[in-house]
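Input: a single structure, listed below in structure tokens.
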Amino acid sequence: MTLLKKCLVTLLLVSSGIGLSACGSKDQAKDENGKTVLTVSTWNYDTIPEFEKLFQAFEKENPDVKVKAVDIASEDYDTKLTTMLSSGDTTDVLAMKNLMSYSNYALRNQLMDLTLHIKEIEIEPALESYLMYDIDGQTYAQPYRTDFWVLYYNKKMFDAAGLAYPSNLTWNEYEELAKKLAKPEEQVYGAYQHTWRSTIQASSAAQNRKNLIDPDYSYLEEDYERVLRMQEEKAQLDFGTAKSTNVTYQSQFENSKAAMMYMGSWYMGTLLTNIDAGNTDVEWGIAELPQKEKGKEIQTFGSPTAFAINKNSKNQELAQKFLDFCSGEKGAKVLAEIGVVSSYRTETINDLYFNRQGMPNDAVSQKAFKPEQIAIEFPVDKDGPAIDQILQEEHELILVGDETIKEAIANMGKRVKQERE
């Protein structure tokens, strides 16, 4: 265990917090069948399978409870939730979509402090994820899933090209493979890289052991050079086209428009669901995220997803029971059955995951599922939202050719410094 991790563990385990407040049953909402209603905020409930599965499993174990989704469109989720909380909304459980928004809610004192409770439950199988939620020694959410980035590949496209499936690639090897697999005249590419800045910045920060809050971004230069080169070589779809036509990464991969695509592990569950529904017949596998050097430990990046308890909830004790269910072994088993990567990870859970029908279970896929290092996609910081916007803006200016790489990197550093002053 690294010194940093030891320090974080100590902070998590010894910090004190505010305990949960009990609420009388007279304040608890009931449905027409007399069941206690627990409200949970979600996004895109109908297309994200884990919400419904977790709710049903919790209701089965607690037959006197009805879990009700307060669903919000994904693109509006944090904006709407921020408005709801500022007006005193009493939704019991709040899904934390990312660490950046989590820190905002916590720092506004809108979430219950769970630090003392977490000391009393088994968190070792999910410890890395819990540490990501530490804010000055306090924790305000319990992670139930933790995604990290891997390389997805289309087996049929590799077979047709007579190429071996990828394994432990360097970025240079990834680029060369993409060129060999591309058929730009047919609008088929060797790789697809989505428009998010994380596809370059977060992977580069992770593999250079850097922090995206730090205004020195010189290490990004090599990665942006590769991406611009791959666009010029037509090894991958250019950013401008992907952005202006609102291309989805699902359509590129599932319609065999790209032979390789690095994306978060959350896509596995969605991909399996789409295959089961007959929406795609893509034959796929996963490999490790490409690395700077071959044969080194696998360094990738990711981010957890969690549930938190609204300070205004009328059902705080029941809400805590729900959090413990979803973030513990029982919730992990539910998630494994649908191909969603849980924060709570043991060999038993991993076996359940790879035994799911349709899940690739070859040695390379299993190795990709166990990277040695998962860096935080974006650190928890009070200036996080503003810095995120700066980095996304400069990212886009590079990829559409409005700024040179050096100009944009200099502007990133200058603008972030000004933001933090």
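The values are calculated or read from the model by the stated rules, or taken from the named source; none is laboratory data. Everything numeric in this text was worked out from a predicted model, so none of it was measured. Because the Cβ atoms are built from the backbone with ideal geometry, glycine has one as well, and the counts that use them run over all protein chains shown.
Taking residue 308 as the residue in question, decide whether it is farther than 14 Å from residue 53 by Cβ, buried (at least 16 other Cβ atoms within 10 Å of the Cβ) and aliphatic (A, V, I, L, M).
Taking the combined requirement at face value, the residue satisfies it.
Taking only pairs six or more apart or across chains, which ones have beta-carbon atoms under 6 Å, a first residue in the range 334-362 that is of a type in the set (D, E, K, R), and a second residue that is part of a helix (DSSP H, G or I) and buried (at least 17 other Cβ atoms within 10 Å of the Cβ)?
Pairs that qualify, where the first residue is of a type in the set (D, E, K, R) and the partner is part of a helix (DSSP H, G or I) and buried (at least 17 other Cβ atoms within 10 Å of the Cβ), are 345/125.
Which one of the conditions (1) on the phi > 0 side of the Ramachandran plot; (2) in contact with an Asp or Glu (Cβ under 8 Å, 6 or more places away or on another chain) does residue 198 fail to meet, given that it meets all the rest?
Residue 198 satisfies all of (1) on the phi > 0 side of the Ramachandran plot; (2) in contact with an Asp or Glu (Cβ under 8 Å, 6 or more places away or on another chain) except (1).
I need a count of the residues in the range 130-188 that are of a type in the set (Ser, Thr, Tyr), touching a helix residue (DSSP H, G or I) at 6+ places or on another chain (Cβ under 8 Å) and in a strand (DSSP E or B).
Residues that pass the stated criteria total 4.
Looking at the range 107-126, which of its residues are crowded, with 19+ Cβ neighbours inside 10 Å and at pLDDT below 95?
none
Please count how many residues of the range 210-236 are in contact with an Asp or Glu (Cβ under 7 Å, 6 or more places away or on another chain), more than 17 Å from residue 301 (Cα to Cα) and in a loop (DSSP other than H, G, I, E, B).
Result for the range 210-236: 1.
Could you check the range 60-75 and list, in sequence order, the residues that are free of Cβ contacts under 8 Å to residues at least 40 places away in the same chain and within 19 Å of residue 336 (Cβ to Cβ)?
Selection gives 60 alone.
Residues being at pLDDT below 95 and more than 24 Å from the chain's Cα centre (by Cα): count how many of those fall in the range 36-88.
Result for the range 36-88: 0.
Among the candidates 400, 416, 380, single out the residue that is more than 22 Å from the chain's Cα centre (by Cα) and either surrounded by fewer than 21 Cβ atoms within 10 Å (Cβ to Cβ) or closer than 19 Å to residue 193 by Cα (or both).
Numbers: 416 fails: either surrounded by fewer than 21 Cβ atoms within 10 Å (Cβ to Cβ) or closer than 19 Å to residue 193 by Cα (or both); 380 fails: more than 22 Å from the chain's Cα centre (by Cα).
The unique qualifying residue is 400.
Somewhere in the range 176-196, is a residue within 23 Å of the chain's Cα centre (by Cα), farther than 30 Å from residue 53 by Cβ and either at pLDDT below 95 or surrounded by 19 or more Cβ atoms within 10 Å (Cβ to Cβ) (or both)?
yes
Could you check the range 256-329 for strands (runs of 3 or more DSSP E) lying wholly inside it with 2 or more residues that are among the β-branched types (Val, Ile, Thr), farther than 30 Å from residue 161 by Cβ and touching a residue at least 12 places away in the same chain (Cβ under 8 Å)? Step through it out loud before you land on a result.
Details: elements: 258-264, 284-287, 299-309.
Strands (runs of 3 or more DSSP E) meeting the threshold: 299-309.
Quickly run through the range 129-160 and pick out the residues that are out of contact with any strand residue (DSSP E or B) (no Cβ under 7 Å at 6 or more places or on another chain) and touching a residue at least 60 places away in the same chain (Cβ under 8 Å).
At the first step, the residues of the range 129-160 found to be out of contact with any strand residue (DSSP E or B) (no Cβ under 7 Å at 6 or more places or on another chain) are 131, 134-139, 156, 159-160.
Across the range 129-160, the qualifying residues are 131, 134, 135, 137, 138, 139, 156.
Residue by residue, here is whether (1) crowded, with 16+ Cβ neighbours inside 10 Å; (2) touching a strand residue (DSSP E or B) at 6+ places or on another chain (Cβ under 6 Å); (3) assigned by the TED database to the domain that holds residue 204 holds:
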position	(1), (2), (3)
246	no, no, yes
250	yes, no, yes
264	yes, yes, yes
268	yes, no, yes
319	yes, yes, no
